[in-house]
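**Q** Pasting a structure here, questions to come.
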Amino acid sequence: MRVAAHLAAWVVLGLLLAVVGPAAARADLTVTLRWDAPVDLDLYVTDPALETAYFANPRTASGGVLERDARCAGHTAGEQVERIRWTTPRPGRYRVGVDFLEACGKASDREVSYRLEVEVDGRREEQTGRARLVERDPRVFEFTVPPPREDAR
Amino acid sequence: MKLLGSILLGGLLAVRALAADPGHLVGRVSDAAGDPVVGALVTARHLALARSTTVYADAAGGYTFPPLEPGLYHLRVRRSGFRDRTEAVELAAGATVEEAVGVERETDPRELAWQLPANRWLALAVARLPDDAAREEFRRQCTFCHQQGSWATRVQRDPEEWRKIFALMARMGGVLSTRVRTALPEALNGAYDEASFVPALGERFTPPPPPDATASAAIVTEWEVGDVGSMQHDLAVHPDGHVYSVDTTQDKLYRLDPRTGERRTFDIPRGDSPLGGVFTTQRPIPVNADAYVAPHSLQVARDGTVWITLCLGNKLAHFDPRTEHFDIYPQQEGLYPHTLRLDGRGRVWYTLAVSNQVAMLDPATGERRTYLLPARTWKESLAVRAVPWFLWLGRYVDLDPQRAGDGPELPVPYGIDIAPDGGVWFSQLNAHRIGRLDPESGDIRVIDTPFSAPRRLRFDSRGNLWIPGFSSGVLARFDPRTGEFHTWELPIEPRGSETPYALNVDRRTDTVWICGTESDTLMRFDPATEHFTIYPLPTRVTYTREIDFDAQGAIWTSNSNLPAWQIEGAAPKLIRLELHGAG
């Protein structure tokens, strides 16, 4: 029985590694914007080549992809999320901007709080901020992706 | 810096090699049957120099490059209706490489449509708008930063995404009326639907005509300057042979030496200007921009110094190439120094686009003047006067620029030029007018144009004023002596699909050169014969805003599509067209 349980645990772990592991290992850079108010915030991430990934340019030449785009249409209650991801990010300086274009008909929500998470190769940084309606803050956060380590090549 | 350094070093080495022993690249372009592909654009890109040279295949399909620096080239052959063909060519010093290139016909209608320039796609969208007024507004407001209908903009979006795009563009000044905003999503989605563009552009494929015998003797050289974050707005040729250009989104002045390929970058002082300059609350800048002062237009003075308008910083800059020093002149009255020209006394005249003014600075005396231009209505006048209050108010309350779309439009003084008699002439883009300012009395006379959106205008040597009609797709000549206009439709098909941003007149010949801003072309107009010659440019999404000439008679322009990542190859460029290179 204990052998069977061990076996089952190893099978489950193996499946997890097979399915989740490689995906997680590829996720070298993710920038995630989270907020709770029922409005539409937009996330902008500018790569070291100065191309910006955002809702109107959801795929960049450097591999940036807007994975999650929160919208007014069809939004559900609770946490809202926008996420941009590079699987093999270029080293260099990245710039994060946040915009508040649409209140989704909620005239009362003219200033909302958000949380920003930047995860580079497993290391996470977080910060919070406030976005004002029809005002874009192009520089809420800047960070650097280091060149690949020698032992990782 | 590394890239710039390597270009500089590569340029010097290559020039030394060229001076010693250039290489020669010749060949023929043919199709599968062996027939010549007339008018094919053959482009050799020198990788180390970040510079491309393009010649056109002649009536026999033959092409001949001018002497080229030895090195590794990417050779690309392009002609609408055929698949691009690209090869690597190593050109050794003193060698002659003969490269016969065969190209295959493209048969996929979707791919054929995709090859066509943006103006063809723009025409599909324009045709779906309800009336002429809506079409005019769309062309004027939605094509002044970037091509409309390029690969990056011919995109279907859901209504919410279009709404957000319109809101973003309104921040940049592209403010639409509610009725055009309402009509556009369906028009754009319909035009950019495969069910629409494949039959219209692919199955009934009509390639742009090949260059005629005159045009096919030309050589186009493109130097990559700046980067993906750049907006290479205007350029000016210096009498010493250098070419200066300004980067509106990165606050840079560039200097290219076409003889060596050397590129220098000068940081324009920002002083205490915040990001976005005096418009910091609205921030009418792209998200990847580092625009604090935003250089816009530039001209070389007789003493060899360079004057530059800083539109967001609300200043002028004066650059001395000998000392490499900038002097900055804040604009005390008015907003958005735009296009500038110098008069015969060395005075700097420029439009103030947002505050509906023309201004003058006399470097010799330090005198400065501003002139408020007439508005069409009291509402327009009120809107102009209210702008500074809105800028102030924007610090404290949410101001959505889209709300201005149904109100009176700002007249937007745009192009400016000095007549041979010293009169200062300007256009008011949104008011569809031109005007004359008497520099001595200050008297102002405005004239309605019989076409929409007069943009960057220029005088010829005989005192005729030449004007591009941006949203009307026309070239116009105005004779100030008789007050008569004469207009010509630009020869880009379909008619009316071109949005000429600027023109210039080579006063040595009075030949008029016009930006083919939507069609990746430059156009030459000979006033004596009233004949147009079209020069296809090699890079897709070549958005041009200014033209200048060098001492040898070559024509210069820059590719300033914003954002630059929409440009093929994602590199802004300075472009030279030599008329009789290979022929």
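The values are calculated or read from the model by the stated rules, or taken from the named source; none is laboratory data. Predicted model only: the values in this text are computed from it and were never measured. When we count neighbours, we look across all protein chains shown, and the Cβ atoms used for this are built from the backbone with ideal geometry, even at glycine. Accessible surface areas use protein heavy atoms only, side chains included; no ligands, DNA or RNA. Shrake-Rupley method; radii C 1.70, N 1.55, O 1.52, S 1.80 Å.
**Q** Restricting attention to segment B:90-125, which GluC sites (Glu not before Pro) occupy a DSSP loop and are surrounded by at most 11 other Cβ atoms within 10 Å?
**A** The qualifying sites are B:GLU104.
**Q** Between A:ARG124 and B:ALA93, what is the spin-label point distance in nm, taking each point 7 Å from the Cα along the Cα→C-beta axis?
**A** Roughly 6.0 nm, to one decimal.
**Q** Any chance you could give the angle, 0 to 90 degrees and rounded to 10, that helix B:118-127 forms with the longest Cα principal axis of chain B?
**A** 50 degrees
**Q** In Å², what does the accessible area per residue of the protein assembly as shown work out to with a 1.4 Å probe?
**A** 40 Å²
**Q** What's the extension gain from B:ALA33 to B:TRP151 if we count 0.36 nm per residue and subtract their Cα-Cα distance? Let's see the in-between values first.
**A** Working: separation 118, 0.36 × 118 = 42.48 nm, distance 3.09 nm.
Taking B:ALA33 through B:TRP151 to full extension adds about 39.4 nm, to one decimal.
**Q** A further question follows. Please compute how much accessible surface disappears when B pairs with A, both sides summed, using a 1.4 Å probe, and round it to the nearest 100 Å².
**A** Looking at B and A, the buried total is near 2600 Å².
**Q** Per-residue HN-Hα couplings for segment A:59-69, Karplus 6.51 cos²θ - 1.76 cosθ + 1.60 at θ = phi - 60°, whole Hz, x for Gly and Pro?
**A** Once θ is set to phi - 60°, the couplings for segment A:59-69 become 9, 9, 4, 7, x, x, 10, 6, 7, 10, 10 Hz.
**Q** Heavy atoms only, probe 1.4 Å: what % of the accessible area of the protein assembly as shown goes to carbon and sulfur, would you let me know? Could the numbers behind the result be given before it?
**A** Details: 16100 of 29690 Å².
So the carbon and sulfur contribution to the accessible surface is 54 percent.
**Q** At 0.36 nm per residue, and after removing the present C-alpha to C-alpha distance, how many nm does the segment from B:ARG302 to B:HIS74 gain when stretched out fully?
**A** 78.1 nm
**Q** Work out which trypsin sites (Lys or Arg not before Pro) in chain B are exposed loop sites (DSSP not H, G, I, E or B, at most 14 other Cβ within 10 Å) and give the longest gap free of them.
**A** B:1-203
**Q** Using per-residue counts of other Cβ atoms within 10 Å, averaged over each peptide, order B:213-220, B:512-519 from highest down.
**A** The densest-packed peptide leads the list: B:512-519, B:213-220.
**Q** At most 12 other Cβ atoms within 10 Å and a DSSP loop assignment: could you name the GluC sites (Glu not before Pro) in segment A:60-150 that fit?
**A** Within segment A:60-150, the qualifying GluC sites (Glu not before Pro) (loop, at most 12 other Cβ atoms within 10 Å) are A:GLU79.
**Q** At a threshold of 8 angstrom on Cα-Cα distance, excluding pairs fewer than six apart, so keeping six or more, what relative contact order does segment B:264-404 reach in percent?
**A** Working: 248 pairs, mean separation 20.1, N = 141.
Value for segment B:264-404: 14 percent.
**Q** Along the Cα-to-C-beta direction of B:ARG259, a point sits 7 Å from the Cα; which residues of segment B:545-583 have their amide N less than 14 Å from that point?
**A** B:551-552
**Q** Another one. What is the average number of partner chain Cβ atoms found within 10 Å of a Cβ in A:51-58? Show your work: numbers first, answer last.
**A** Numbers: counts 8, 8, 0, 4, 6, 11, 6, 0.
The per-residue average across the peptide is 5.
**Q** Could you tell me what percent of the DSSP beta bridges with both partners in segment B:455-583 are antiparallel, to the nearest 5?
**A** Working: 36 of 37 bridges.
Close to 95 percent.
**Q** Now for a separate question. Quick check: residue separation of B:ASP406 and B:GLU530 times 0.36 nm, minus the Cα distance between them. What number comes out in nm?
**A** 40.6 nm
**Q** Applying the Karplus parametrisation 6.51 cos²θ - 1.76 cosθ + 1.60 with θ = phi - 60° to the phi angles of segment B:79-91, what ³J(HN,Hα) value in whole Hz is obtained for each residue in order, glycine and proline being reported as x?
**A** Using θ = phi - 60°, the values come out as 8, 3, x, 10, 6, 4, 10, 10, 9, 8, 10, 9, 9 Hz.
**Q** Restricting to Cα pairs below 8 Å that are 6+ residues apart, what does the relative contact order work out to for chain B? Please round to a whole percent. Kindly include the intermediate steps, with their values, before the conclusion.
**A** Working: 1462 pairs, mean separation 74.7, N = 583.
Over chain B, the number comes to 13 percent.
**Q** Let me ask something else. What net charge is computed for the residues neighbouring B:ALA375, neighbours being all others with C-beta under 11 Å from the C-beta of B:ALA375, Lys and Arg scored +1, Asp and Glu -1?
**A** Neighbourhood net charge equals +2.
**Q** So, R0 is 41 Å and r is the distance between the beta-carbons of B:THR377 and B:GLU568; what FRET efficiency does that work out to, to 0.05?
**A** After rounding, the FRET efficiency stands at 0.45.
**Q** Please say if segment B:495-557 is rounded, prolate or oblate, where rounded means a/c under 1.5 for a ≥ b ≥ c the square roots of the C-alpha gyration tensor eigenvalues, and otherwise the choice is prolate for a/b larger than b/c and oblate otherwise?
**A** Judged from the Cα gyration tensor, segment B:495-557 comes out oblate (a/c at least 1.5, b/c at or above a/b).
**Q** From the phi angles alone, apply the Karplus equation (6.51, -1.76, 1.60; θ = phi - 60°) to segment B:294-304 and give each ³J(HN,Hα) in whole Hz, x where the residue is Gly or Pro.
**A** Whole-Hz 3J(HN,Hα) from phi for segment B:294-304: 6, x, 10, 10, 8, 9, 9, 7, 4, 7, x.
**Q** Suppose we keep just the DSSP beta bridges with both residues in the protein assembly as shown; what percent of those would be antiparallel, to 5? Before the final figure, lay out each step's value.
**A** Working: 176 of 184 bridges.
Expressed as a percentage, antiparallel bridges in the protein assembly as shown total about 95.
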